[in-house]
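Trainee: First the structure, then my questions, so here it is.
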Amino acid sequence: MNRIRVAKLVAVSAVVALTACSAPQPGLLKADGVERVSVQLAGYDAELRSLRDSALTLGEALLADGGDGANGNTVSSPGSLLIALAMLRAGASGEAAAEMDHALGLPATHRDEATNALLASLEKFDGDPGSVDEGNPPRKPVMHPANGLFVDKGVTTGAAYLDTLARQYGTGVYPVDFSDEAATKPAIDAWVDKNTGGRIKEAPAEYDRRNTFSLLNALYFAAAWSVPFDPSNTSDLPFTTAEGKAITAPAMHNLLPMKYAEGQGWRGVDLPYAEGFVMRLVLPDPVASEGTGEGTGTVLSAETLAEIAGTMDSARQETVQIQLPRWDHKCSFDLRKVLGAMGLQKTLSTTTDFDAIQEGLMITQAAQAANITVAEKGTVAAAVTQINGRVTSAPPKPDRTIEFDRPFHYQIIHVETGLPLFMGTVADPS
């Protein structure tokens, strides 16, 4: 297998500054001479539909799990999880690769190219999350996607895998020493903090010194509504919770053109942001929300979500009076639990099918943290997905290093007697 040590990659011209604080900063390394491929969405229509359906499947699984959201509230990022899993799949083989393709419904061909096109489309709205005034979300949306890969500098990482990440995901690697928690954990947390504008301060998975691999995706979104809600029209109005409890909640009101559609058991709208994005809001019928067993009434199947997407794609704009509560929620997920429930047992247990990444790599942790604030002026949201692993037979780190790079003496000795059977000098080994 063509493999290189991360230490032999070339550094970019400057060390990437992850944060303004004094935490240790690893340098970003990229594959020598490899540039990201430029691709267009138009060339991958079928693959993009598969990726969208994959995200809906992941969204169903995340909402069904519920994470640690309070009072039945859940916020997740199937998009972030999809991108992270696509990056992991780029280094998978054998049963794990087949299992991921089947369970997630990933594209059969051009998976990495299509994900590249998807990321490139999002990057048209890229910006610095740290520059956003979250009290006044921007008219031009900020959609900041970021991929990060932290690998142990003492472990060999596959050259072909790094090449794929560089060509299709624009991603280099941060070589670190995972056994040095005091240096590595702050560096990973700083990456998370920077790429979520401070909305998420720490990586979602608990730090483990035994890991040798940590793959992250972050998504940050901030955008003003196309037509903001007037705060003077916000008032406390009745809201019935999933448990049937009657409460009052601040409700916003607006009247504006938006896509509206109805289907079996649901009604929905696409509430527009100023540019490029909408918030799809789906209201299940009261009867449809009974007996879900989840206590929310809003855990819709991936099939239903795909049906809704198709219906909304072709829906006409209508003038809609909308009442919408404000909300500010956060949630985290144990993704090993979520992915295990989806049938990815081999993926989570194999010690051979990710050899293209690191020989003997096993996925040890997977987690996501997400949050969202929705108010009169717009929306701000962030999510981080983290997939960690370690090599199961990593060579021990040496106590000493010696390099015979100049003339040296040698002997072949019989151990029991100490007799030197052979003795010599190497002055020129060529």
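Quick note: the coordinates plus some simple rules give every number you see, no bench work behind them. Since we're looking at a predicted model, the values are computed, not measured. Virtual Cβ from ideal backbone geometry, glycine too; neighbours counted across all protein chains shown.
Trainee: Which of the listed residues, Met258, Ser314, Val299, is farthest toward the dipole's positive end in the range 235-323, when Lys, Arg count +1 and Asp, Glu count -1 at the beta-carbon?
Mentor: Met258
Trainee: Based on Cβ point charges of +1 for Lys and Arg and -1 for Asp and Glu, what charge dipole magnitude is obtained for the range 235-323 about its Cα centre, in debye rounded to the nearest 20?
Mentor: It works out to roughly 200 debye.
Trainee: Using a 10 Å cut-off on Cβ atoms, rank the peptides 303-310, 147-154, 213-220 from the highest mean neighbour count down.
Mentor: Those peptides, ordered most packed to least, come out 213-220, 147-154, 303-310.
Trainee: In whole Å, what is the distance between the alpha-carbon centres of the range 200-250 and the range 62-114?
Mentor: The range 200-250 and the range 62-114 have Cα centres spaced 20 Å from each other.
Trainee: Continuing with this model, one more query. What are the ³J(HN,Hα) couplings of the range 52-66, residue after residue, when phi is run through the Karplus curve with 6.51, -1.76, 1.60 and θ = phi - 60°? Round to Hz, x for glycine and proline.
Mentor: For the range 52-66, the Karplus-derived couplings read 4, 5, 4, 5, 5, 4, 5, x, 4, 5, 5, 5, 5, 5, x Hz, x marking Gly and Pro.
Trainee: Among 378-389, 315-326, 160-171, how do they line up from the highest to the lowest mean number of other beta-carbon atoms within 10 Å?
Mentor: Highest mean packing first, the order is 378-389, 160-171, 315-326.
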